[in-house]
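Asks: My questions will all concern the structure given below.
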Amino acid sequence: MNQPSMLNHVWQPYTQPQTAPPSIEIVKGSGIEITDRQGRVYWDLISSWWVNLHGHANPKIAQAISDQAKQLEQVIFAGFVHQPAIDLAEQICDLLPGPLTRVFYSDNGSTAVEVAMKMAYQYWYNQGIKKRKLYLAFEGDYHGDTFGAMSVGRSSGYYEPFADLMLPVKFIPYPETWPGDEQVEEKEEKALAHLKQLLEQHAHETAALIIEPLIQCAKGMRFCRPEYIQAVVEQVRAYDILVIFDEVALGFGRTGEMFVCNKLNITPDFVCLSKGITGGFMPLSATITTDKVYQTFLSDSYATAFSHGHSYAGNPLGCAAGLASLKIFKDENTLSKIQQIESIHRTELKRLSENNPVVTCVRVMGDIAAFNVNVNQSAYQSAVSIQLRQAFLAQGLLIRPIGDVVYLMPPYCITEAQLYETYEKINRVLAAL
Ligand SMILES: *Cc1c(COP(=O)(O)O)cnc(C)c1O
């Protein structure tokens with residue numbers, strides 16, 4: 001047994017306990033720093049799995065949660081309501097494209113996706129159309145780990161044991177690209193032709209398309225062009241298929257805009273938000289839809305109601321944290337901070353790739369920077385990823401490569417000096433490969 005006794009009872013996510021290096025026990029956080037029991041400090045450059053926005057233990061958000069906890073910690077959300085939930089819903093709708101006006105709360109990204117998928121299906125069902133049971137998704141998308149979310153995300157490659165238990169889904173090719181990619185237009189054309197064929201065969205039985213727009217995060221920060229998303233959405237909408245944007249990872253500023261749908265000038269029928277929604281403090285999520293969808297659930301009968309809910313839906317502490325986070329965006333001009341991060345990513349990544357021939361497919365958008373480490377032996381990719389992770393940790397950096405992809409998605413409070421130093425240390429690690 002190489003695990004210390006503190007792990008006798010804990011089962012950790014996405015971990016093979018028998019071979020994993022010992023877990024690091026974190027006792028406090030501040031800004032981008034997290035500190036372990038021995039006093040070692042790590043810089044959290046992946047926002048703790050993409051949830052943290054304004055730094056760990058941000059005092060303003062901590063205060064808002066503390067104030068709310070002393071006032072009202074939780075209340076049943078059917079038949080009862082509270083101000084933080086009302087205010088957060090209103091502010092989120094103000095930030096999204098106009099037609100998105102209805103917020104349904106749940107408590108994590110996967111359930112936000114389940115809710116959108118179920119609402120999309122029932123949108124048709126309530127209108128007497130029961131044959132639209134199919135979903136469309138991009139190859140390689142990740143949408144969460146519950147069964148519906150897994151089904152539309154099954155080509156992400158995480159779900160081998162559950163392959164026989166999935167909902168019907170058809171996949172659209174994802175023309176991954178990077179600066180200097182000369183094949184991109186050809187790839188997109190092929191993908192769109194494939195989609196056209198799919199639609200001719202299956203549009204009449206399709207409820208919705210769900211996508212991770214612009215960047216497939218969990219698959220390794222794979223970018224595609226805005227033009228492609230726009231063309232796909234246009235094609236499926238010609239068949240009245242509903243469009244779901246899964247912005248669980250990218251919402252709240254990661255791409256440099258508050259939401260990807262704003263960046264793309266597309267109003268989807270559903271937007272799923274979670275991860276950053278509370279600044280990274282509390283489990284909360286939201287599925288936002290249009291009045292057009294909402295209206296189809298209204299009638300004199302419960303039979304058309306959305307018969308779905310979670311115990312902690314609209315939790316007041318989460319909503320208070322969400323409101324405090326949005327206030328920080330305004331008060332501290334966070335979006336312009338993200339622009340500065342983006343510009344440092346660009347110059348530093350360029351230098352990194354000039355100094356290290358193993359660095360390829362460099363890509364940057366907003367807070368996110370990514371590149372591939374070209375090690376030539378794909379069989380060893382996962383070994384390389386663990387080797388890199390340990391080498392970064394030794395430098396005091398929390399960076400978790402996905403296969404051969406190294407990426408940064410730092411909390412927005414990272415200072416310029418910290419970001420420059422991060423790249424210096426990455427350079428050191430790569431030089432020693
Ligand atoms: C993380 C993620 C989810 C799932 O969110 P959880 O809170 O982990 O359930 C869904 N979609 C995307 C795009 C994500 O990155």
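Each value in this text was obtained by applying a stated rule to the coordinates, not by laboratory testing. Everything numeric in this text was worked out from a predicted model, so none of it was measured. Note that each Cβ is placed from the backbone with ideal geometry, even for glycine, and that neighbours are counted across all protein chains shown.
Asks: Could you work out the relative contact order of the chain, using alpha carbon pairs under 8 angstrom and six or more residues apart, expressed as a whole percent?
Replies: Details: 771 pairs, mean separation 93.5, N = 433.
Once normalised by length, the contact order is 22 percent.
Asks: Go ahead and run the numbers for FRET between Ala431 and Lys131, Cβ-Cβ distance against an R0 of 51 Å, rounding to 0.05. Provide the component values of the computation, followed by the final result.
Replies: Values: r = 59 Å, r/R0 = 1.15.
The pair Ala431/Lys131 has a calculated efficiency of 0.30.
Asks: Okay, next question. Considering Cα pairs under 8 angstrom that are at least six residues apart, work out the relative contact order of segment 52-151 and quote it in whole percent.
Replies: Working: 34 pairs, mean separation 20.5, N = 100.
For segment 52-151, the relative contact order is 20 percent.
Asks: What does the convex hull of the alpha-carbon atoms of the chain project to on average, in nm²? Let's see the in-between values first.
Replies: On the way: hull surface 88.1 nm².
Mean projected area for the chain: 22.0 nm², to one decimal.
Asks: Tell me the net charge near Cys93. Cut-off is 15 Å between Cβ atoms, Cys93 excluded, with +1 for each Lys or Arg and -1 for each Asp or Glu.
Replies: So the surrounding residues net to -4.
Asks: Would you mind computing, in nm to one decimal, how far apart the modelled labels at Val41 and Glu185 are, each placed 7 Å from Cα along Cα→Cβ?
Replies: 5.1
Asks: For segment 231-361, what are Rg and Dmax over the alpha carbons, in angstrom?
Replies: Cα only, segment 231-361: 19.3, 68 Å (Rg, Dmax).
Asks: Sticking with this structure for a sec: Highest mean first, what order results for 392-398, 67-73, 17-23 on Cβ atoms within 10 Å? Intermediate values should be presented prior to the final figure.
Replies: Details: 392-398: 17.0, 67-73: 13.0, 17-23: 11.0.
Ranking the peptides 392-398, 67-73, 17-23 by packing returns 392-398, 67-73, 17-23.
Asks: In addition: Can you classify segment 1-106 as rounded, prolate or oblate using the Cα gyration tensor, where a ≥ b ≥ c are the square roots of its eigenvalues, rounded means a/c under 1.5, and otherwise it's prolate if a/b beats b/c and oblate if not? Write down the numbers at each step before the final one.
Replies: Details: a/c = 2.14, a/b = 1.99, b/c = 1.08.
Prolate is the answer for segment 1-106, as a/c is 1.5 or above and a/b outweighs b/c.
Asks: For Leu397, what charge total do you get from the other residues with a beta carbon under 15 Å from its beta carbon, if Lys and Arg give +1 and Asp and Glu give -1? Before the final figure, lay out the partial values.
Replies: On the way: positive: Arg40, Arg389, Arg400, Lys425, Arg428; negative: Glu33, Asp36, Asp44, Glu348, Glu421, Glu424.
Here the count lands on -1.
Asks: Local charge sum around Ala431 (other residues, Cβ-Cβ under 13 Å, Lys/Arg +1, Asp/Glu -1)? Before the final figure, lay out the partial values.
Replies: On the way: positive: Arg351, Lys425, Arg428; negative: Glu354, Glu424.
Once all neighbours under 13 Å are counted, the net charge is +1.
Asks: State, to one decimal in nm², a quarter of the convex hull surface area for the C-alpha atoms of segment 20-177, i.e. the direction-averaged projected area. Could you put the intermediate results ahead of the total?
Replies: Numbers: hull surface 58.9 nm².
Computing the convex hull of the Cα atoms and averaging its projections yields 14.7 nm².
Asks: Once the Cβ-Cβ distance between Ile24 and Gln63 is put in as r, and R0 is 45 Å, what FRET efficiency do you end up with, to the nearest 0.05?
Replies: Details: r = 28 Å, r/R0 = 0.62.
Calculated value: 0.95.
Asks: Glu160 versus Gln12, label points 7 Å from Cα toward the beta carbon: distance in nm?
Replies: Reported label-point gap for Glu160 and Gln12 is 2.1 nm.
Asks: Also, I was wondering about something else. Using amide H atoms built in the peptide plane, which far-off residues or other-chain residues are under 5 Å from Ile402 H to H?
Replies: Tyr407
Asks: Return the sequence-ordered ³J(HN,Hα) values of segment 297-307 in whole Hz as given by the Karplus equation 6.51 cos²θ - 1.76 cosθ + 1.60 applied to θ = phi - 60°, using x for Gly and Pro.
Replies: 9, 8, 5, 7, 10, 5, 4, 9, 5, 7, 8
Asks: What is the packing order of peptides 279-285, 45-51, 189-195, 59-65, taking the mean over residues of other C-beta atoms within 10 Å and listing the highest first?
Replies: On the way: 279-285: 24.0, 45-51: 20.3, 189-195: 15.6, 59-65: 17.9.
The packing order, highest mean first, is 279-285, 45-51, 59-65, 189-195.
Asks: Please give the calculated 222 nm ellipticity per residue for the chain, where each DSSP H segment of at least 4 residues contributes -39500 (n - 2.57) and the sum is spread over every residue; nearest 500 deg cm²/dmol? Please report the intermediate quantities before stating the final value.
Replies: Values: 13 runs with 162 residues, N = 433.
The per-residue figure over the chain is -11500 deg cm²/dmol.
Asks: In a Gaussian network model over the chain where Cα atoms closer than 10 Å are linked, find which of Gly98, Gly366, Gly148 has the largest mean-square fluctuation.
Replies: Per the Cα network of the chain with a 10 Å cutoff, Gly98 tops the list.
Asks: Please find the FRET efficiency linking Val75 to Arg400, where r is the Cβ-Cβ separation and R0 is fixed at 56 Å, and quote it to the nearest 0.05.
Replies: It comes out at approximately 0.90.
Asks: Percent antiparallel among DSSP beta bridges with both residues in the chain, to the nearest 5?
Replies: Values: 31 of 48 bridges.
Expressed as a percentage, antiparallel bridges in the chain total about 65.
Asks: Along the Cα→Cβ direction, 7 angstrom out, place labels at Thr415 and Asp291. What is the inter-label distance in nm?
Replies: 4.9
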